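Below is one structure, written out as C-alpha coordinates; the observations come after it.
The values are calculated or read from the model by the stated rules, or taken from the named source; none is laboratory data. In this text the structure is predicted, and so the values were computed from the model without any measurement. Just the protein is used for accessible areas: all its heavy atoms, side chains included, with ligands, DNA and RNA removed. Shrake-Rupley method; radii C 1.70, N 1.55, O 1.52, S 1.80 Å.
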Amino acid sequence: MASAQILLDRPRLPSTPPPLDWSTLADAFEAACLLRCTPPPAVAGTRRPSTEHRPPSVEFNREEAAHRMAQLLGRLDVPIEHEVTVGGLRRRYELHRLSVPHPHRPAYARTLEAGWRQGRRELLGAPVPGASTVRRAWRPRLAAAAWRAALLAGGRHVRRHILGVRITDRELAAILVRGAALLDVPALLRPGTGCYLVCVADGPDRQRILHSTALGPAPVAARS
(Lines give C-alpha, C1' and ligand atoms only; values in the text may rest on other atoms or scores of the structure.)
Protein backbone atom coordinates (compact mmCIF):
# COMPACT_ATOMS: atom_id res chain seq x y z
CA MET A 1 0.00 0.00 0.00
CA ALA A 2 2.83 2.36 0.89
CA SER A 3 4.62 1.68 -2.40
CA ALA A 4 1.41 2.36 -4.33
CA GLN A 5 0.98 5.67 -2.49
CA ILE A 6 4.57 6.63 -3.37
CA LEU A 7 3.87 6.01 -7.05
CA LEU A 8 0.72 8.10 -6.86
CA ASP A 9 2.59 10.94 -5.17
CA ARG A 10 5.29 11.12 -7.83
CA PRO A 11 5.07 14.22 -10.02
CA ARG A 12 3.80 13.47 -13.48
CA LEU A 13 6.16 14.11 -16.35
CA PRO A 14 4.93 16.77 -18.78
CA SER A 15 3.22 15.24 -21.80
CA THR A 16 4.70 15.76 -25.24
CA PRO A 17 2.91 18.65 -26.95
CA PRO A 18 1.02 17.70 -30.12
CA PRO A 19 2.76 18.46 -33.41
CA LEU A 20 2.00 21.73 -35.13
CA ASP A 21 -0.33 21.64 -38.09
CA TRP A 22 1.47 22.15 -41.40
CA SER A 23 0.51 25.77 -41.95
CA THR A 24 1.55 26.78 -38.43
CA LEU A 25 4.70 24.69 -38.74
CA ALA A 26 5.75 26.48 -41.94
CA ASP A 27 5.41 29.90 -40.28
CA ALA A 28 7.08 28.87 -37.01
CA PHE A 29 9.92 27.09 -38.83
CA GLU A 30 10.64 30.06 -41.10
CA ALA A 31 10.61 32.42 -38.11
CA ALA A 32 13.04 30.10 -36.30
CA CYS A 33 15.31 30.05 -39.37
CA LEU A 34 15.25 33.86 -39.53
CA LEU A 35 16.26 33.91 -35.88
CA ARG A 36 19.15 31.53 -36.51
CA CYS A 37 20.43 33.74 -39.33
CA THR A 38 21.13 36.51 -36.81
CA PRO A 39 24.20 36.49 -34.55
CA PRO A 40 23.30 34.73 -31.28
CA PRO A 41 24.03 36.50 -28.00
CA ALA A 42 27.19 35.70 -26.10
CA VAL A 43 26.79 33.76 -22.86
CA ALA A 44 28.99 34.58 -19.89
CA GLY A 45 31.69 31.98 -19.28
CA THR A 46 31.62 30.55 -22.83
CA ARG A 47 33.86 31.31 -25.77
CA ARG A 48 31.21 30.77 -28.40
CA PRO A 49 27.83 32.47 -28.60
CA SER A 50 24.84 30.36 -27.71
CA THR A 51 22.36 29.26 -30.39
CA GLU A 52 19.97 27.69 -27.90
CA HIS A 53 19.36 30.56 -25.48
CA ARG A 54 17.93 33.54 -27.29
CA PRO A 55 16.56 36.75 -25.81
CA PRO A 56 12.95 37.73 -26.57
CA SER A 57 14.18 40.20 -29.18
CA VAL A 58 16.02 40.04 -32.47
CA GLU A 59 17.79 42.62 -34.61
CA PHE A 60 17.93 42.73 -38.41
CA ASN A 61 19.92 45.09 -40.60
CA ARG A 62 17.54 44.51 -43.50
CA GLU A 63 14.06 45.95 -43.52
CA GLU A 64 12.68 43.06 -45.60
CA ALA A 65 13.83 40.50 -43.03
CA ALA A 66 12.29 42.45 -40.14
CA HIS A 67 8.98 42.84 -41.95
CA ARG A 68 8.87 39.15 -42.82
CA MET A 69 9.57 38.20 -39.20
CA ALA A 70 6.83 40.56 -38.01
CA GLN A 71 4.42 39.07 -40.55
CA LEU A 72 5.18 35.50 -39.44
CA LEU A 73 4.86 36.30 -35.73
CA GLY A 74 1.59 38.09 -36.42
CA ARG A 75 0.20 34.95 -38.05
CA LEU A 76 1.39 33.01 -34.99
CA ASP A 77 -0.52 35.41 -32.69
CA VAL A 78 2.72 36.75 -31.17
CA PRO A 79 2.65 40.56 -30.80
CA ILE A 80 5.88 42.46 -31.33
CA GLU A 81 7.30 45.92 -30.79
CA HIS A 82 9.25 47.22 -33.79
CA GLU A 83 11.98 49.82 -33.20
CA VAL A 84 14.15 51.33 -35.92
CA THR A 85 17.55 52.84 -35.16
CA VAL A 86 19.43 54.87 -37.77
CA GLY A 87 23.20 55.17 -37.49
CA GLY A 88 26.36 55.75 -39.43
CA LEU A 89 28.03 58.87 -40.76
CA ARG A 90 28.96 58.64 -44.42
CA ARG A 91 27.14 55.35 -44.88
CA ARG A 92 23.78 55.41 -43.14
CA TYR A 93 22.20 52.19 -42.00
CA GLU A 94 19.04 51.06 -40.26
CA LEU A 95 18.81 48.51 -37.47
CA HIS A 96 15.40 46.92 -36.92
CA ARG A 97 14.77 45.53 -33.45
CA LEU A 98 11.74 43.31 -32.84
CA SER A 99 10.81 42.67 -29.21
CA VAL A 100 8.15 40.37 -27.77
CA PRO A 101 6.21 41.81 -24.78
CA HIS A 102 6.85 39.96 -21.54
CA PRO A 103 3.44 38.20 -21.18
CA HIS A 104 3.82 36.60 -24.63
CA ARG A 105 7.43 35.44 -24.32
CA PRO A 106 6.73 31.87 -23.08
CA ALA A 107 4.32 31.18 -25.97
CA TYR A 108 6.78 32.76 -28.42
CA ALA A 109 9.63 30.56 -27.19
CA ARG A 110 7.53 27.39 -27.22
CA THR A 111 6.17 27.99 -30.71
CA LEU A 112 9.52 28.74 -32.33
CA GLU A 113 11.23 25.86 -30.53
CA ALA A 114 8.49 23.46 -31.66
CA GLY A 115 8.66 24.84 -35.19
CA TRP A 116 12.42 24.44 -35.36
CA ARG A 117 12.51 20.91 -33.98
CA GLN A 118 9.60 19.65 -36.06
CA GLY A 119 10.79 21.34 -39.26
CA ARG A 120 14.36 20.15 -38.72
CA ARG A 121 13.10 16.59 -38.24
CA GLU A 122 11.04 16.74 -41.42
CA LEU A 123 13.95 17.96 -43.54
CA LEU A 124 16.92 16.13 -42.02
CA GLY A 125 15.19 12.91 -41.02
CA ALA A 126 15.02 9.84 -43.21
CA PRO A 127 12.11 9.72 -45.66
CA VAL A 128 9.01 8.19 -44.07
CA PRO A 129 7.85 5.07 -45.95
CA GLY A 130 4.35 5.57 -47.27
CA ALA A 131 4.36 9.28 -46.44
CA SER A 132 1.03 10.99 -47.00
CA THR A 133 0.39 13.25 -49.97
CA VAL A 134 0.13 16.19 -47.58
CA ARG A 135 3.57 15.50 -46.12
CA ARG A 136 5.13 15.10 -49.56
CA ALA A 137 3.62 18.45 -50.56
CA TRP A 138 4.68 20.37 -47.43
CA ARG A 139 8.29 19.20 -47.12
CA PRO A 140 9.38 21.27 -50.17
CA ARG A 141 7.49 24.23 -48.68
CA LEU A 142 9.52 23.89 -45.50
CA ALA A 143 12.67 23.75 -47.62
CA ALA A 144 11.60 26.93 -49.43
CA ALA A 145 10.88 28.59 -46.06
CA ALA A 146 14.43 27.87 -44.86
CA TRP A 147 15.93 29.28 -48.06
CA ARG A 148 13.69 32.34 -47.95
CA ALA A 149 14.87 33.08 -44.40
CA ALA A 150 18.51 32.63 -45.40
CA LEU A 151 18.19 34.89 -48.44
CA LEU A 152 16.47 37.58 -46.37
CA ALA A 153 18.61 37.53 -43.23
CA GLY A 154 21.77 35.56 -44.01
CA GLY A 155 24.94 36.94 -45.51
CA ARG A 156 24.37 37.10 -49.26
CA HIS A 157 27.26 35.84 -51.37
CA VAL A 158 26.39 36.59 -54.98
CA ARG A 159 28.86 36.02 -57.79
CA ARG A 160 28.43 35.75 -61.53
CA HIS A 161 28.38 31.94 -61.40
CA ILE A 162 26.71 31.24 -58.01
CA LEU A 163 24.05 32.33 -55.55
CA GLY A 164 25.17 31.73 -51.99
CA VAL A 165 24.45 32.59 -48.39
CA ARG A 166 26.78 32.71 -45.40
CA ILE A 167 25.36 31.00 -42.32
CA THR A 168 26.96 30.68 -38.89
CA ASP A 169 24.52 27.99 -37.71
CA ARG A 170 25.73 24.53 -38.74
CA GLU A 171 22.30 22.86 -38.51
CA LEU A 172 20.69 25.53 -40.64
CA ALA A 173 23.44 25.13 -43.24
CA ALA A 174 22.71 21.39 -43.38
CA ILE A 175 19.00 22.11 -43.72
CA LEU A 176 19.67 24.42 -46.66
CA VAL A 177 21.64 21.72 -48.46
CA ARG A 178 18.94 19.09 -47.84
CA GLY A 179 16.23 21.62 -48.65
CA ALA A 180 17.83 22.46 -51.98
CA ALA A 181 17.73 18.76 -52.88
CA LEU A 182 14.00 18.69 -52.11
CA LEU A 183 13.64 21.60 -54.54
CA ASP A 184 15.57 19.58 -57.18
CA VAL A 185 18.62 21.84 -56.90
CA PRO A 186 22.13 20.61 -56.04
CA ALA A 187 23.82 22.77 -53.40
CA LEU A 188 27.39 22.92 -52.15
CA LEU A 189 28.46 23.46 -48.55
CA ARG A 190 31.82 25.17 -48.10
CA PRO A 191 33.17 25.72 -44.58
CA GLY A 192 34.57 29.21 -44.11
CA THR A 193 36.10 31.24 -41.32
CA GLY A 194 33.44 31.32 -38.63
CA CYS A 195 30.65 30.50 -41.09
CA TYR A 196 29.37 28.10 -43.71
CA LEU A 197 28.80 29.06 -47.32
CA VAL A 198 25.87 27.32 -49.00
CA CYS A 199 25.66 28.00 -52.71
CA VAL A 200 23.85 26.92 -55.87
CA ALA A 201 24.93 27.40 -59.47
CA ASP A 202 23.74 30.32 -61.54
CA GLY A 203 21.18 29.65 -64.26
CA PRO A 204 18.29 27.20 -63.82
CA ASP A 205 19.33 26.21 -60.26
CA ARG A 206 19.39 29.80 -59.05
CA GLN A 207 16.10 30.56 -60.77
CA ARG A 208 14.43 27.53 -59.18
CA ILE A 209 15.52 28.63 -55.69
CA LEU A 210 14.34 32.20 -56.26
CA HIS A 211 11.04 31.02 -57.73
CA SER A 212 10.46 28.62 -54.81
CA THR A 213 11.13 31.31 -52.19
CA ALA A 214 8.98 34.01 -53.83
CA LEU A 215 6.05 34.95 -51.64
CA GLY A 216 2.65 34.18 -53.08
CA PRO A 217 -0.85 33.69 -51.67
CA ALA A 218 -0.96 32.21 -48.17
CA PRO A 219 -1.30 28.41 -48.35
CA VAL A 220 -4.47 26.74 -47.12
CA ALA A 221 -3.98 25.14 -43.70
CA ALA A 222 -3.66 21.38 -43.75
CA ARG A 223 -3.34 18.82 -41.02
CA SER A 224 -1.54 15.53 -41.07
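Points to keep in mind about this one:
- Carbon/sulfur fraction of accessible area - segment 64-157, other protein chains in place, 1.4 Å, %: 52
- For segment 103-215, diffusion coefficient by Stokes-Einstein and Kirkwood Rh (Cα), 20 °C, 1.002 mPa s, µm²/s: 145
- Mean Cα-pair separation over length for segment 75-141, i.e. relative contact order, pairs under 8 Å, 6 or more apart, %: 23
- Computed accessible area, Cys37, all protein chains, 1.4 angstrom probe, square angstrom: 20
- Residue-span extension gain [Arg135 to Glu59] - 0.36 nm each, minus C-alpha spacing: 24.1 nm
- Residue ranking by accessible heavy-atom surface, 1.4 Å probe, largest first, among Asp184, Asp21 comes out as Asp184, Asp21.
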